[in-house]
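Worksheet for the structure shown next.
The values are calculated or read from the model by the stated rules, or taken from the named source; none is laboratory data. Please read these numbers as outputs of a predicted model, since none were measured by experiment. Note that each Cβ is placed from the backbone with ideal geometry, even for glycine, and that neighbours are counted across all protein chains shown. All accessible areas refer to the heavy atoms of the entire protein, side chains included, with ligands and DNA or RNA removed. Shrake-Rupley method; radii C 1.70, N 1.55, O 1.52, S 1.80 Å.
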Amino acid sequence: MAGAFEEEAEQTITIQEYLKDVEEQELEADLVLGGDEGKDCTYSQGYLKRQAIFSCLTCTPDGNAGVCTACSLSCHDGHEILELWTKRNFRCDCGNSKFGEFFCKLFANKDVENVKNSYNHNFKGSYCTCGRPYPDPDVEEQVEMIQCCVCEDWFHEEHIGLESSHEIPRDEEGEPLYEDFICQSCSANCSFLKRYPQAIMAARRHGDAIPNASKDKDVLTQTPAASGSEKVENDSSCKTDFMTNSQSISNENNLSNGESSVNVTCSNNSMKKDGQYGSCLFDSDVDFQSSAGDCKPLFLSKSWRDVLCKCQRCMDMYNQKNISFLLDKEDSIMEYEKMAKQKREEKMQQLEGVEQSLLNRLGHVQKMEILTGIADMKDEMHNFLESYDPSKPITSADIHQVFENLAKKRRRVE
């Protein structure tokens with residue numbers, strides 16, 4: 001019996017810890033939802049670059065449909081809902097032909113089907129090559145999973161094709177040093193990335209240096225860029241910038257925590273005045289369809305998308321492989337979360353503005369009553385925190401007592 005009480009005592013938290021936990025949960029929710037407050041169906045906005053998507057197994061047990069945040073809350077409340085985090089180029093399916101006689105409560109006038117939507121086994125609640133659900137009811141401790149930026153499936157670390165999870169680029173505290181991950185299956189379709197200087201790949205382990213500039217030079221020499229018979233070697237401005245940045249990245253990784261970033265720019269002949277890219281970074285006889293080495297998972301460094309060649313030949317290749325979204329910086333999770341943080345800050349500023357505006361519209365007496373009430377609340381909470389025993393949990397009776405004391409003080413004043 002004594003052991004049970006000790007275990008219960010260990011589970012108690014302080015008010016500060018509780019408030020911090022609430023704030024962290026709110027931030028995490030905002031990052032996942034992209035700042036979407038879940039009030040309106042997103043269907044009218046078309047195929048969004050990225051948004052939070054949910055699968056309703058109650059309505060579509062085959063896992064062949066996805067709904068937006070607002071519809072998951074308003075139309076599918078009480079249903080078996082799967083949170084899929086985010087999906088790219090997706091339009092809300094709620095109420096279309098896949099839902100039978102069920103109609104969307106927020107936006108009923110929808111097409112029969114969203115033909116551009118893509119679905120995988122995540123919509124059925126299966127993830128990774130093992131096809132297990134998340135959370136997995138058969139394991140005691142849930143482990144983090146990594147999302148592929150191409151197929152958008154989620155993978156367990158032990159199933160991504162590495163001999164050891166220590167090969168995953170992380171710093172000493174376990175935080176990822178890579179911006180994007182490409183799974184073993186998708187790496188075959190993206191094997192052309194291995195033809196770029198190794199600077200676009202994140203360092204494998206903390207303190208590991210990205211291959212030096214001499215190796216990058218070998219890569220460029222073997223697979224130079226060309227437009228017709230002209231090679232990048234003849235475009236000194238492009239080659240110099242490429243190599244200088246690669247060397248800079250390598251030096252930064254040796255001096256910093258190992259996080260790699262890429263900032264490669266080409267000038268003059270590499271971009272035409274009309275804004276269309278000219279010279280290709282690869283030789284005209286390079287076969288993009290062939291596999292460049294073993295198909296292993298790829299961990300891409302920060303800003304790696306900026307390096308990708310944008311000549312017409314490469315653009316055609318991206319479209320043929322259905323990976324043109326890799327050129328869009330806003331497609332990345334990093335940019336999505338950055339946007340979400342900005343929306344969160346704007347929302348907080350708006351709330352502060354509303355509160356200030358309300359206060360400004362009040363008369364002098366009303367203002368003084370509100371300010372006095374706030375001051376009394378602070379004083380009562382301060383007195384309570386000073387007097388209570390931190391080794392004991394705060395009960396509902398304690399909270400009721402705080403408000404009873406405030407009510408008594410209010411009655412004395414009146």
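Brief remarks follow.
- Restricted to the stretch 105-119, and to residues there that are of a type outside the set (S, T, N, Q) and within 17 Å of TYR47 (Cβ to Cβ), the residue that is least open to solvent (accessible area, probe 1.4 Å) is LYS110.
- ASN122 falls short on exactly one of the conditions (1) crowded, with 21+ Cβ neighbours inside 10 Å; (2) without any contact (Cβ under 8 Å) to a residue 60 or more places away in the chain, and that condition is (2).
- Once the stretch 62-82 is narrowed to residues that are out of contact with any helix residue (DSSP H, G or I) (no Cβ under 8 Å at 6 or more places or on another chain) and open to solvent by 10 Å² or more (accessible area, probe 1.4 Å), the residue that is nearest to LYS329 (Cα to Cα) is SER72.
- Within the stretch 150-207, being out of contact with any strand residue (DSSP E or B) (no Cβ under 7 Å at 6 or more places or on another chain) and of a type in the set (Phe, Trp, Tyr) holds for PHE192, TYR196.
- Considering the stretch 297-318, the residues that are open to solvent by 50 Å² or more (accessible area, probe 1.4 Å) and within 29 Å of HIS166 (Cβ to Cβ) include one that is farthest from the chain's Cα centre (by Cα), namely ASP306.
- The residue that is farthest from the chain's Cα centre (by Cα), among those in the stretch 112-164 that are closer than 18 Å to ARG88 by Cα and β-branched (Val, Ile, Thr), is VAL115.
- Selected residue (criterion: surrounded by the fewest Cβ atoms within 10 Å (Cβ to Cβ)) from residues of the stretch 319-341 that are free of Cβ contacts under 8 Å to residues at least 12 places away in the same chain and under 15 Å from the mean Cα position of the chain (by Cα): LYS338
- Hey, LYS343 at pLDDT below 75, touching an Asp or Glu at 6+ places or on another chain (Cβ under 8 Å), more than 30 Å from PHE282 (Cα to Cα) and not β-branched (Val, Ile, Thr) or not: yes
- Residues satisfying the stated conditions in the stretch 186-206, i.e. in contact (Cβ under 8 Å) with a residue 40 or more places away in the chain, within 22 Å of CYS151 (Cβ to Cβ) and part of a helix (DSSP H, G or I): SER187, ALA188, ASN189, SER191, PHE192, LEU193, LYS194, ARG195, ILE200
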